[in-house]
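Structure first, commentary second.
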Amino acid sequence: MSTDKKRGGAAKEAFSGRTMFIFAAIGSAVGLGNIWRFPYVAFDNGGGAFIIPYLVALLTAGIPLLMLDYAIGHRYRGSAPLSFRRLHPKLETIGWWQLMICVVIAIYYALIIGWAMQYTVFSFSKAWGSDPAAFFMNDYMKVSEQVTIGFDFIWPVFIATAIAWLVLLVVLMLGVQNGIGKLNVVLIPLLVVMFLIMVGMALTLPGASAGLDALFTPSWSALGDSSVWVAAYGQIFFSLSVGFGIMVTYASYLKPRSDLSGSALVVGFANSSFEILAGIGVFAALGFMATASGTQVSEVATSGIGLAFIAFPAIISQAPFGTLIGVLFFGALAFAGFTSLISIVEVIVAGVRDKLGLSRPAAVSLVVLPLAVISLLFFPTTTGLNLLDVVDAFVNNFGIAAAALISVLLLTSGFTALPTLRDHINSVSSFKLGRTWMIMAGGVTPVILGYILIDQLTKTVAEGYNDMPQWFVNTFGWGMAVGIVVIAYLLSRLPWSRRTGEGFTSPAPAIQDAYLDRKAIARHDPMTHYTGTEGRSAALDQDFSLRAIDRGTVVQRPAPWDHERTANGTGAGRVHSTITAGAQSRHSEGDLS
Amino acid sequence: MSGTAIVMMIVAIILVWGGLLLALVNIKRSPEEVDELDDPADDTSQAAGPSVTEGAVGSGVGHHDATMPPHGQVSEPHTDPAGPGPRG
């Protein structure tokens, strides 16, 4: 684990390499939504024809946004609040908003992982019996008829959720490399293998072809329906873990010379590849269920909790080798959820760590223990399911979407940061970005996000939410969505740790080579406090890659640590330097002359 | 399973998994560069700036004539708005 013990802040830790980062990013992106949301969204929005808007959404919004998050985290090398703060002090609230979204998601996400863990065990005995719906609602969760907040705990669920928090605590304590990185390197391949076996088994079930037929038969007329395109963009957006600080945080743990755009392409397509795999597995199983019960696939097709904890248990009960299918399915669900939960909580740990200048163990304890208490207090209860329903819907529709929309709008038009971020990506990446990326990230994405947000807003205001009592929706839905913005603003007003504050960059600086940044960081030189904004996009159309520096084709700015030498006269007036990078010496243009 | 559904399934698999394959090929072609600062011990040793082995990098005071860069781009002198002094 690369650790600079002298400095506070999240960026002092690093993944050992690009591969580990990619595994961690895939682990974050591949979550519950890939398994229980994508298959139904695809089926419900044109079937086979859905692949067209889906791919368009991936290429025009998903991957560009992923690259944008990577650029912010890698360029400004901090947690979400610190990175946005370094980009511009006025943007700090955005970082805290994203962090607060992670707080809300984390407290209910652990509950679902607890369920998946228990259902993995239930698969051996098929504990749900002949009526999985009644088992889940009445026997397992004992769902209260009253929509309210209660503290009538369901102890088996409480213990399962507590175990999830405990494992999370241990993993986060181990750090970025030894905890998050190594766990993802093990769990992601295991998840893929488990799911491949599960899909293989599902495909051999009688009626599997009926399920695949329902999923992939195209309804071309759906392509003319704007709601199908919105669904595709929504699926890509919510599935990729973009817009709420996760990718910013993970990218801050990348080494200076890391291929950002190449990594984003791998992560984006890997996430979608898993979704296609999940779609095949889930609909093959649903096809079997429909055939076994003599109904249409459309009548058994569902998503979310209904798919995982009601439909799948029914399939497992009837299918040959059902126990194995159950263990693989719920095990995969638990793994996928857990790797995502780690990334969600790490956003909070990194933010707290940067703000207060804490060590990792202190920050992890300060974050995980209170979160676990809140989670265990409100969710493994007879009223927890209704609370989860409202909180999940509002934090996604009016939290993530709104925060992403406003951050993209501010980065694009408010602070014109896209050219700087694009140049940063190009300085380290194999796949160069141009104006198209800026149009996609800064133009297409806000339009789509704005449409999704307004659409959801008008529907929810007009129709209410799922016939829930208004006070409940107002408190835990709207109240939570607005409350996290207020809390985010207040957090942005609190002072930073002195050590972290030394490294503020404000306003957005001229593009700096990642290598030079790292050197400045190593020397504890603040890279900051440009008094003017004239240098903000000075690097446009220049190749600031290390290769260009190596060839001597770019004029370097002075490295901060060179000042003393210049002042001492050792290099005054010189226009060239040689900087060693490992075994390789890199020459500026001065050496060529 | 209908022929159209089979075709669409194959198209979806080829496009998405093919995209992943191309992305992996792309990233394989740009091997990870090793940075001497990647080693934490090195971090400490570099902190005093010993990697600068010869003189100073051209400062914002002295503009340089850039040679023609690759990719047909024109380099411009890149000055540091804050100057070479300590910032903070």
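Side notes on the structure shown:
- The range A:188-234: radius of gyration over Cα atoms, expressed as a fraction of 2.2 N^0.38 Å: 1.62
- Sorting A:95-101, A:151-157, A:229-235, A:181-187 by average packing, meaning the other beta carbons within 10 Å per residue, from highest down gives A:95-101, A:229-235, A:181-187, A:151-157.
- Across A:Lys255/A:Lys355; A:Lys432/A:Lys459; A:Lys182/A:Lys355; A:Lys142/A:Lys355, pairs whose alpha-carbon gap is larger than 31 Å: A:Lys432/A:Lys459; A:Lys142/A:Lys355
- Amide H contacts of A:Thr381 (H built 1.01 Å from N, in plane; Pro and chain starts excluded): A:Ile154 sit under 5 Å, all sequence-distant by 5 or more or on other chains.
- The contact between chain B and chain A removes approximately 6600 Å² from the accessible area (both sides summed; 1.4 Å probe; ligands, DNA and RNA excluded).
- Number of partner chain Cβ atoms within 10 Å, mean per residue of A:262-274: 5
- Between the range A:442-482 and the range A:179-193, the alpha-carbon center distance in angstrom: 35 Å
- Averaged over residues, the count of other Cβ atoms within 10 Å places the peptides A:248-257, A:443-452 in the sequence A:248-257, A:443-452, highest first.
- Inter-chain Cβ neighbour count for A:250-259, averaged per residue, equals 3 (cutoff 10 Å, partner chain atoms only).
- Accessible area expressed per residue, the range A:311-384, with surrounding protein chains retained (probe 1.4 Å, Å²): 24 Å²
- Converting phi to 3J(HN,Hα) with the Karplus coefficients 6.51, -1.76 and 1.60 and the offset θ = phi - 60°, the range A:157-165 yields 5, 4, 5, 4, 5, 5, 5, 4, 5 Hz in sequence order, with x at every glycine or proline.
- Here the peptides A:455-467, A:67-79, A:305-317 are ranked by packing, the mean other Cβ count within 10 Å, and the order with the highest first is A:67-79, A:305-317, A:455-467.
- Shielding of A:427-435 by partner chains, average beta-carbon count, 10 Å: 2
The values are calculated or read from the model by the stated rules, or taken from the named source; none is laboratory data. Just so we're clear, the structure is a prediction, and the values are computed from it rather than from any experiment. Every residue, glycine as well, gets a Cβ built from its backbone with ideal geometry; the counts of neighbours run over all protein chains shown. These accessible areas exclude ligands, DNA and RNA; they are computed on the full protein's heavy atoms, side chains included. Shrake-Rupley method; radii C 1.70, N 1.55, O 1.52, S 1.80 Å.
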